[in-house]
Amino acid sequence: MHLPNQEKYPYSGQDRKSQTVILAEMAVAGNTNAFDQLADLYYNTVYKMVYYRIRSGMDAEDVTQDIFIQVLKNIKNLKDFSLFKSWLFSIAVNKVRDFQRKKRFTSFFGVFSGKDAESEQENEHEAGAESGPLESVIRQNFWKQFEAILNRLSYLEKEVFLLRFIDQLGIKEISTALKKNESTVKTHLYRALKKIRDDGSVKELLKENMP
Amino acid sequence: MNKSNDSHLNKEQIYKAMIDESELLSSEREHLSGCSECRAELEDFEKDLKLLGQTAERFVPLPKNRMVLHEKAGKNSLFGWRTSFAAAITILFFVITMHSDSMKLLLSNKTDVANSELYSEDILMTEVNNLVENSLPAKHLFISREEDTDYDEDFIDFVVPSVDDELLSVAVKGGNVSC
């Protein structure tokens, strides 16, 4: 059982990387406690990464859990533990894509749409209760505009943009996570930046949501 | 796209610099390091995107449930293993039972049906042969004495001579048909 706690690991980038390698090696050797620590270390990063893409807390928790179960099952196949973060993100990107495909499929046939809307309303209500109604409205408005900005991008442009500027991954890490070469990543990133900067939508979004 | 040191970078070059400064030409890099205006434009864009990331992070709701990994993964695999093993055994049992029973039934049914069909065919063929050889019943054969006769073709020709084609055609032309 894990309780996600980001503050528990206030490591710098390099410390985190070496910590990851040690924990991953121990986890592969069969140390379940080491795997729990590794999952704790990355839980918040992965949960947020999933939330940025599907924008539902409950679904993001489920998808995050699926991602870590897949990591647990396949970590023994990872050859270079220094690439753990890129590998983790490649699993996460695929899981999110699977989830979005399933959701599109079910909503196309109208299956579970009522249940989804209900659970999402409940989720928003809980978020509102947590932070106050005004904050809840601002939050909803932000995600609506955020989605509108991303919808102007193609799938790859969107993914590359999110990984680089929202998830804060480097070009090399993105290239490994998406299994694309670096120049392809840069080309898509360039196109995404051009679209986003040219219409001034980011500036507008930030102006409205600045505290 | 090639810029001299004193002309500012255009938007495309600023985007390139955002992605990777090493993508710029050396003259462009030099300009960027020396030009406060271009540096400010780049930093402004970088600041916007950083702020976007921070705001997005701030608006992510906290996860509510604890993550269960080993139990779920273990339970899943154990449940999956047990279920699939039980299902495989059950299916195997049914397949073997059904197969052996149905095969037995099918084989016995097949031989019975084949035997009875052969038997009825034999009876039928015997009756047909009897009728071909002796078209009349036995007592009628006795009355007609046909049972003792063994007519050959010469005898039949003698009793019923074959019609001569030429004679027949002449007779038809003349309008007289005589036997």
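Within 10 Å of the Cβ of each residue in A:60-69, the mean number of Cβ atoms contributed by other protein chains is 3. Put in order of Cβ neighbour count within 10 Å, fewest first, the listed residues B:VAL60, B:VAL132 become B:VAL132, B:VAL60. Each of the peptides A:79-89, A:138-148, A:40-50 was scored by the mean count of other Cβ atoms within 10 Å over its residues; in descending order, highest first, they stand as A:40-50, A:79-89, A:138-148.
Here are some pairs, A:LYS79/A:LYS158; A:LYS73/A:LYS180; A:LYS103/A:LYS158; A:LYS85/A:LYS144; A:LYS48/A:LYS103; which of them have Cα atoms lying more than 26 Å apart in this structure?
Details: A:LYS79/A:LYS158 29 Å; A:LYS73/A:LYS180 24 Å; A:LYS103/A:LYS158 19 Å; A:LYS85/A:LYS144 29 Å; A:LYS48/A:LYS103 19 Å.
Checking Cα-Cα distances, A:LYS79/A:LYS158; A:LYS85/A:LYS144 exceed 26 Å.
Extension gain for A:THR184 to A:LYS203 (0.36 nm times residue separation, less C-alpha to C-alpha distance): 4.2 nm. Alpha-carbon geometry of region A:26-116: the Rg and the Dmax are 14.7, 46 Å, given in that order. Annotation for A:SER82 and A:GLN140: the two label points, set 7 Å from Cα along the Cα-Cβ direction, are 4.8 nm apart.
Most exposed first by the Cβ proxy, i.e. fewest other Cβ within 10 Å, how do A:LYS203, B:LYS16 rank?
Working: A:LYS203 16, B:LYS16 22.
Least crowded to most crowded, the residues run A:LYS203, B:LYS16.
Counting neighbouring Cβ atoms within 10 Å and putting the fewest first, the residues A:LEU72, B:LEU62 line up as B:LEU62, A:LEU72. Summarising the amide proton neighbourhood of B:MET67: residues at separation of 5 or more, or on other chains, whose placed amide H is nearer than 5 Å comprise A:HIS2.
Just so you know, all these numbers are worked out from the coordinates, no wet-lab data involved. Note that the structure is a prediction, hence the values are computed from the model and not measured. Don't worry about glycine lacking a Cβ; one is built from the backbone with ideal geometry, like all the others, and counts go over all protein chains shown.
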